1. What translational diffusion coefficient, in µm²/s and rounded to a whole number, does the Stokes-Einstein relation yield for segment 254-364 at 37 °C and a viscosity of 0.692 mPa s, taking the hydrodynamic radius as the Kirkwood radius over Cα pairs?
2. Over segment 254-364, what is the relative contact order in percent, taking alpha-carbon pairs closer than 8 angstrom and at least six residues apart?
3. With each label point set 7 Å from Cα along the Cα-Cβ vector, what nm distance links residue 263 and residue 318?
4. How would you rank 337-347, 149-159, highest first, on the average number of other Cβ atoms within 10 Å across their residues?
5. Kindly write out, for segment 168-179 in residue order, the coupling ³J(HN,Hα) from the Karplus curve 6.51 cos²θ - 1.76 cosθ + 1.60 (θ = phi - 60°), rounded to whole Hz, with x marking Gly and Pro.
6. Of all DSSP beta bridges in the chain, what percent run antiparallel (nearest 5)?
7. Quick one: 275, 285, fewest Cβ neighbours within 10 Å first, how do they rank?
8. Take the Cβ-Cβ distance between residue 100 and residue 184 as r, set R0 to 30 Å, and report the resulting FRET efficiency rounded to the nearest 0.05.
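What follows is calculated from the coordinates using simple rules that are stated; it is not laboratory data. Model, not experiment: these values are computed from the prediction. Cβ atoms come from the backbone with ideal geometry, glycine included; neighbour counts cover every protein chain shown.
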Amino acid sequence: MILTYKRFINKDFQQEYKNNFIKDFIGTRNHFFCFSVREGIYSIITLLKLTGSDIVLMPAFCPQGLNMPFKNKRIKIITYKCNQFLEPDIKDITTLIKEFKPKVFILIHYFGVDYADDSLLKILRHNKIILIEDCVHGFMSTYENGEYLGSKGDISFYSFSKVLPVPDGALFILNNYDVSSNINISKKNFYNQIAFVLHLLYLKLKRVTINYNSQYLNIFEKLIYFFYYKFLCYNKSTTSISKYSNERLAFFNYQKIRNARIDNLKFYHNILGSSFINHKINKNSVLTGYPIISTNKKKIWGFLNKNNVEVLSYNKYWFFPEYFEKEKFKEEYFIYNNHFCLPLNENIKPDQINKIIDLLIKFNN
Ligand SMILES: Cc1ncc(COP(=O)(O)O)c(C=O)c1O
């Protein structure tokens, strides 16, 4: 049993009251907390006064929770290309900006890997396009210069439930907007309550996951997850983070978690660097999992799972839009089909990573 922990989370990481990390992280910036990212986006749509005549540029390889609020509000989405490292294709973006004059550009820091090419920022600024950074996988991650991920955008958002064992919680940072009058956060309603209870149940039942959102589930867990997503998607407004998550978030030892994840990333990278999605990895990234590419994904996945190693892949609740052209988006489509993430959270020790790597070597032989 390599990764079978019965505990909710390692006690070491919950010893002290560490709320200061989140306070320091936010600093003096405008911000709001809410239940989920998809709900928070409705407030952003209102804040930016987006209407059906506005265009949002976003990558083709995209989670439902990001795409859906814009679709529900009938805001037009145009998708841009990324390269084989999931970095935005500047040439494609320049052409799309000329043709569609978008109001908003969304950048996803996939897996928590930083993307910080200044030429993209210059183009967006020059064309007065609002930059929204999706840092859902990268709370606590940094750019190469040490600044926290999300400090370049006009708006950035983070999801706690994707990176910590809490059932809900998202944070929106508004670098260039005032939050006081425009964000309307209501109390949790019936649908949130059910989503909250289901996710909590899932977290309690699950042994250990790599980012607390593992998708290798038994039938019972699958059912929980199915209904969780049904209820999570129901609201078309922003509701508050639960008291439970708010309290738990105050107790994590973020510095320790961060350091453990950075060390684990380095450990993997020294051995598996060549199969990593992006070779130019910033070694201080705090990732949700160690993403690698293999055309043999299904078999490796099964093999690792048989040996009690849980892997994660972003394609279950991620999709390509209906009008997606396979030829145009072939790099992302390849990653969509062939990536998976190895566990690297703070519960995993170097000797366990060694065992995982040994398993991969055994598989290849
Ligand atoms: C990169 C990314 N952005 C946004 C979302 C939506 O977040 P939430 O589930 O909190 O609505 C997700 C969820 O899968 C995601 O992975």
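1. Details: Rh = 14.9 Å.
The diffusion coefficient I find is 220 µm²/s.
2. On the way: 112 pairs, mean separation 42.4, N = 111.
With pairs under 8 Å counted, the relative contact order is 38 percent.
3. Simple spin-label model gives 2.9 nm for this pair.
4. Details: 337-347: 21.6, 149-159: 23.7.
Ranked by mean Cβ neighbours within 10 Å, highest first: 149-159, 337-347.
5. Karplus-based 3J(HN,Hα) across segment 168-179 equals 7, x, 9, 10, 10, 10, 10, 6, 10, 9, 8, 9 Hz.
6. Details: 20 of 37 bridges.
Given both bridge residues lie in the chain, the antiparallel proportion sits at roughly 55 percent.
7. On the way: 275 15, 285 25.
Ascending Cβ contact count within 10 Å gives the list 275, 285.
8. Numbers: r = 30 Å, r/R0 = 0.98.
So, using R0 = 30 Å, E works out to roughly 0.50.
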